[in-house]
Amino acid sequence: MTDITSADIQPTQSQPQSFCPMPGARNPHLQTMLPRVIRRRVQFTPHWQRLDTPDGDFVDLAWSEPPEHARHKPRLVVFHGLEGSLHSPYAHGLIHAAQQRGWLGVVMHFRGCSGEPNRMGRIYHSGETEDASFFLDWLGKTYGQAPTAAVGFSLGGNMLACLMARQGRSCGLNAGVVVSAPLMLEHCCYHMEKGFSRFYQHYLLNLLKGNASRKLKAWPGSLPVLPEQLKRIRRIRDFDNLITAKIHGFRDAIDYYRQCSALPMLPDITTPTLIIHAKDDPFMDSHVIPDLAQLPANIEYQLTEHGGHVGFVGGTLRRPQMWLEQRIPDWLSQFLEPNA
């Protein structure tokens with residue numbers, strides 16, 4: 001967040017396991033892009049499962065191992081970011097880290113993000129918590145109760161914060177972690193339309209349009225746009241105006257952003273929660289930083305100097321270290337392994 005000044009930054013809570021970027025790689029864009037080089041391949045063989053939703057659609061699950069063989073293990077659920085999947089470096093990297101600790105990991109793919117267009121007109125968005133809530137409830141009923149935590153990255157982090165705020169302890173989680181989340185969607189949208197951040201908007205928008213195009217091809221008429229209209233979209237805000245808002249009952253993109261931004265909901269979260277942001281995140285600005293005086297005691301907030309967007313690459317070029325893959329499991333162990 002290059003336009004944040006020192007006056008914008010409030011003192012943060014205690015900073016255990018502070019992040020130190022890789023020498024020569026403090027640049028936020030390097031931090032954001034490096035994981036795609038370092039974590040190119042999935043380091044385990046995923047077990048895939050399709051979960052049918054109550055409205056006749058489906059979400060795909062990618063497990064670290066067959067869940068029926070690991071009912072007794074602590075569980076780590078990952079909610080990916082915009083157009084992410086198991087193959088996103090942060091997702092499979094964290095699942096592998098969980099597996100190394102003896103936990104059962106799973107990525108719940110949002111509708112249409114696992115490589116196959118979903119069936120229904122609904123897609124997913126930053127405040128759409130119904131599928132995640134259904135999955136977490138199904139998880140406990142199907143495989144029994146076990147300590148369970150969820151980690152949400154970027155869009156998935158905003159969604160997870162909304163879910164925990166709306167449902168309280170009934171969400172079925174012992175703890176949650178929110179990473180690089182655009183907690184004020186409207187401000188983040190404006191930020192993505194400025195300077196170099198427009199590169200990321202262009203990249204993400206192409207992914208969104210590609211996904212929507214595949215859906216229209218598989219299910220003609222399933223979206224409220226024609227293929228030629230889709231091609232003319234130039235901003236994420238326009239995509240949300242024409243598609244996301246219309247599908248999900250919002251007046252427009254701004255109405256969607258204001259109703260689904262998690263920042264105002266944080267005081268309602270009762271689940272133990274860790275929120276991590278980097279000051280130099282190129283996807284957002286200082287509006288995402290919460291007022292610590294308004295946060296309940298169960299929320300720990302960590303704001304690092306560097307890290308980019310879901311980057312946080314430390315170590316050296318020869319021995320890179322993915323800080324999130326250590327920081328998140330270390331923090332969660334107190335809730336997933338309380339008697340260890």
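The values are calculated or read from the model by the stated rules, or taken from the named source; none is laboratory data. Keep in mind that what you see is a predicted model, and the values were worked out from it rather than measured. Here the Cβ is made from the backbone with ideal geometry for all residues, glycine too, and neighbour counts use every protein chain on show. Surface areas here come from the heavy atoms of the whole protein model, side chains and all, with no ligands, DNA or RNA. Shrake-Rupley method; radii C 1.70, N 1.55, O 1.52, S 1.80 Å.
Can you tell me which of (1) among the small types (Gly, Ala, Ser); (2) touching a helix residue (DSSP H, G or I) at 6+ places or on another chain (Cβ under 8 Å); (3) over 21 Å from Pro89 (Cα atoms) is the one Ser126 doesn't meet?
(3)
What's the number of the only condition in (1) modelled with pLDDT of 95 or more; (2) surrounded by fewer than 17 Cβ atoms within 10 Å (Cβ to Cβ) that Pro46 fails to meet?
Going through the list (1) modelled with pLDDT of 95 or more; (2) surrounded by fewer than 17 Cβ atoms within 10 Å (Cβ to Cβ), Pro46 breaks only (2).
Looking for whichever is of a type outside the set (Gly, Ala, Ser), assigned to a loop (DSSP other than H, G, I, E, B), farther than 25 Å from Thr32 by Cβ and in contact with a Phe, Trp or Tyr (Cβ under 9 Å, 6 or more places away or on another chain) here; the options are Arg111, Arg122. Which one fits?
On the way: Arg122 fails: in contact with a Phe, Trp or Tyr (Cβ under 9 Å, 6 or more places away or on another chain).
Residue meeting the stated conditions: Arg111.
Filtering region 221-271 down to residues that are among the aliphatic types (A, V, I, L, M) and free of Cβ contacts under 8 Å to residues at least 12 places away in the same chain, which residue is nearest to Ser126 (Cα to Cα)?
In this case the residue turns out to be Ala245.
Counting only residues that are of a type in the set (Lys, Arg), over 18 Å from Tyr257 (Cα atoms) and open to solvent by less than 100 Å² (accessible area, probe 1.4 Å), how many does region 191-240 have?
The total comes to 2.
Residue check: is Leu183 in contact (Cβ under 8 Å) with a residue 40 or more places away in the chain, within 23 Å of Val78 (Cβ to Cβ) and open to solvent by 30 Å² or more (accessible area, probe 1.4 Å)?
Answer is no for this residue.
Whether any residue in region 132-145 is farther than 21 Å from Phe58 by Cβ and in a strand (DSSP E or B) is what I want to check.
At the first step, the residues of region 132-145 found to be farther than 21 Å from Phe58 by Cβ are 144-145.
Keeping just the survivors that are in a strand (DSSP E or B) gives none.
No, there is no match, as no residue in region 132-145 is farther than 21 Å from Phe58 by Cβ and in a strand (DSSP E or B).
Results for (1) touching a helix residue (DSSP H, G or I) at 6+ places or on another chain (Cβ under 7 Å); (2) surrounded by fewer than 24 Cβ atoms within 10 Å (Cβ to Cβ), shown as yes or no for each residue.
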site	(1), (2)
Val78	yes, no
Ala91	no, no
His96	no, yes
Arg101	yes, yes
Met120	no, yes
Ser133	yes, yes
Pro147	yes, yes
Ser154	no, no
Cys162	yes, no
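Could you go through region 110-117 and let me know if any residue there is open to solvent by less than 20 Å² (accessible area, probe 1.4 Å), within 15 Å of the chain's Cα centre (by Cα) and of a type in the set (Phe, Trp, Tyr).
Applying the first criterion (open to solvent by less than 20 Å² (accessible area, probe 1.4 Å)) to region 110-117 yields 110-113.
Subsequent filtering for residues that are within 15 Å of the chain's Cα centre (by Cα) retains 110-111, 113.
Filter again for of a type in the set (Phe, Trp, Tyr), leaving 110.
Within region 110-117 (the criterion being open to solvent by less than 20 Å² (accessible area, probe 1.4 Å), within 15 Å of the chain's Cα centre (by Cα) and of a type in the set (Phe, Trp, Tyr)), the answer is yes, since at least one residue qualifies.
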